[in-house]
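Below is one structure, written out as structure tokens, with a few remarks after it.
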Amino acid sequence: MSVTLSDARVVTPDGVHDGWLTIEDGRITHIGRGQAPRDGFGLGGRTVVPGFVDIHSHGGAGGSFPEGNPETAAEVAAFHLGRGTTTLMASLVTAAPDTLTRAAASLADLCEQGLLAGVHFEGPYIARSRCGAHEPALLREPDRAEFRALVKAGRGHVRMLTIAPELPNALDVIRDAAAEGIVAALGHSDATYERTLDGIEAGASVATHLYNAMPPLGHRAPGPVAALLQDERVTVELINDGVHVHPAMLRLAMDAAGADRTALVTDAMAAAGMGDGRYPLGPMTVDVVDGVARIASGVSGEPGPIAGSTLTMDVAFRRTVREVGRSLVDAARMTSLTPARVLGLDGEVGSITVGRYADLVVLDDDLEVAGVMRRGAWARHP
């Protein structure tokens, strides 16, 4: 099958061009400027960006990846696809070993079907003092044998592990992950600047939702934020939902790391796409009020810690352009190409480039999603 999309503003890694692109057998074969050489599907001047790549999501549309239910997980993936996320990794939360093993095995089936890009273990090897929306009673010290068992359960589809580098045996587990081709991400950590550097030297290459669940940047105790921003080997995740990080701090991180080292993520949980209410997140219960997810309040009635988000990647893209002031090219890089590179998938997805899969999002003048294409087929017709 061959189709040409014409009369479009095409956002490539090199710039924004008024033109067209041709797709054959699911891949981009030609990109041109101006009038298309043959009749095509006219987009009326709308903007085309690469399909979003979300490397940190726990759920959406009322469903949650930690449930380990394949039908639910497929519904979550379909929900995010409708919002432009054509490549999605399933993130789990801290749980008992057998629960994580079952969930990883179940989600591996969907990875083999091409619905998911991999499995991310966010925990259980994280700091109690920075556990956020993770059950403290289930946290544990990094265990190399347990980690090997989790990797085995995932049948080659475990792609990322979030770990606190200051914990006993953490550096060994980071080395094990790197040796397996699994991305070690530093987060939910109270590590010092120096210990964070140790984690990077051991092979860690991603910062899990920078700023959140780690000590703040300090001028005498720079902590993990400075180490992660400064090291060229590290890609930093940022949640741009207007709740997790102030726009000024987003600009600070983006200026320091650049678009090539910044991956926007949703950290979405079951409430994404839903209304306010009570939702599960692994073994935890989350209350969503005015779109903000927090661990359900105890007897004190005080608001609990932030528990993931209700964000989708199209909103993150739009906020990055309109609230943070980044260009369409940089926003596309941070929502697509950079996270694709984290997963080693940038040769297949993440940019509008000849030879890549035709994973595309059509945006209207308000940068709202008007159409979504995955592998050359419309998932949401414009």
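The values are calculated or read from the model by the stated rules, or taken from the named source; none is laboratory data. As the structure is a computational prediction, the values presented were derived from the model and not from experiment. Note that each Cβ is placed from the backbone with ideal geometry, even for glycine, and that neighbours are counted across all protein chains shown.
Residue 68 satisfies every condition listed in (1) closer than 24 Å to residue 124 by Cα; (2) buried (at least 16 other Cβ atoms within 10 Å of the Cβ); (3) at pLDDT 95 or above except (3). All of (1) surrounded by fewer than 24 Cβ atoms within 10 Å (Cβ to Cβ); (2) in contact (Cβ under 8 Å) with a residue 60 or more places away in the chain; (3) β-branched (Val, Ile, Thr); (4) part of a helix (DSSP H, G or I) hold for residue 338 with one exception: (1).
When the test is whether a residue is surrounded by fewer than 24 Cβ atoms within 10 Å (Cβ to Cβ), farther than 21 Å from residue 88 by Cα and of a type in the set (D, E, K, R), residue 180 does not pass it.
Right, residue 34: surrounded by fewer than 24 Cβ atoms within 10 Å (Cβ to Cβ), in contact with a strand residue (DSSP E or B) (Cβ under 8 Å, 6 or more places away or on another chain) and of a type in the set (Gly, Ala, Ser) or not? It is true that residue 34 is surrounded by fewer than 24 Cβ atoms within 10 Å (Cβ to Cβ), in contact with a strand residue (DSSP E or B) (Cβ under 8 Å, 6 or more places away or on another chain) and of a type in the set (Gly, Ala, Ser). Here 371, 347 are screened, and the one residue that is out of contact with any helix residue (DSSP H, G or I) (no Cβ under 9 Å at 6 or more places or on another chain) and surrounded by fewer than 22 Cβ atoms within 10 Å (Cβ to Cβ) is 371. Note on region 92-149: residues that are among the basic types (Lys, Arg) and at pLDDT below 95 total 0. Can you tell me how many residues in region 266-283 are touching a residue at least 40 places away in the same chain (Cβ under 8 Å) and more than 21 Å from the chain's Cα centre (by Cα)? Residues meeting the conditions: 1.
Only one entry in 155, 148, 140 is in a loop (DSSP other than H, G, I, E, B), out of contact with any Phe, Trp or Tyr (no Cβ under 8 Å at 6 or more places or on another chain) and closer than 23 Å to residue 102 by Cα, namely 155.
For (1) in contact with an Asp or Glu (Cβ under 8 Å, 6 or more places away or on another chain); (2) among the β-branched types (Val, Ile, Thr); (3) at pLDDT below 95, each residue gets a yes or a no:
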residue: 19; (1), (2), (3): no, no, no
residue: 30; (1), (2), (3): no, no, no
residue: 39; (1), (2), (3): no, no, yes
residue: 43; (1), (2), (3): yes, no, no
residue: 50; (1), (2), (3): yes, no, no
residue: 53; (1), (2), (3): no, yes, no
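Do you know which residues across region 1-27 are out of contact with any helix residue (DSSP H, G or I) (no Cβ under 9 Å at 6 or more places or on another chain) and hydroxyl-bearing (Ser, Thr, Tyr)? If the condition is that a residue be out of contact with any helix residue (DSSP H, G or I) (no Cβ under 9 Å at 6 or more places or on another chain) and hydroxyl-bearing (Ser, Thr, Tyr), then 2, 4, 6, 22 are the ones that fit.
The set of residues in region 212-240 being surrounded by fewer than 24 Cβ atoms within 10 Å (Cβ to Cβ), in a loop (DSSP other than H, G, I, E, B) and touching a helix residue (DSSP H, G or I) at 6+ places or on another chain (Cβ under 8 Å) consists of 215, 216, 217, 221, 222, 231, 232, 233, 234. In this structure, is residue 192 farther than 20 Å from residue 267 by Cβ, of a type outside the set (A, V, I, L, M), in contact with a Gly (Cβ under 9 Å, 6 or more places away or on another chain) and surrounded by fewer than 19 Cβ atoms within 10 Å (Cβ to Cβ)? Yes; evaluated as a whole, the condition is true for this residue. One residue alone among 122, 141 is in the same structural domain as residue 280 (by TED's automatic domain parsing), surrounded by fewer than 24 Cβ atoms within 10 Å (Cβ to Cβ), farther than 30 Å from residue 16 by Cβ and not β-branched (Val, Ile, Thr), and that residue is 141.
For region 264-282, the condition of being part of a helix (DSSP H, G or I), among the hydroxyl-bearing types (Ser, Thr, Tyr) and in contact with a Leu (Cβ under 7 Å, 6 or more places away or on another chain) holds for none of the residues.
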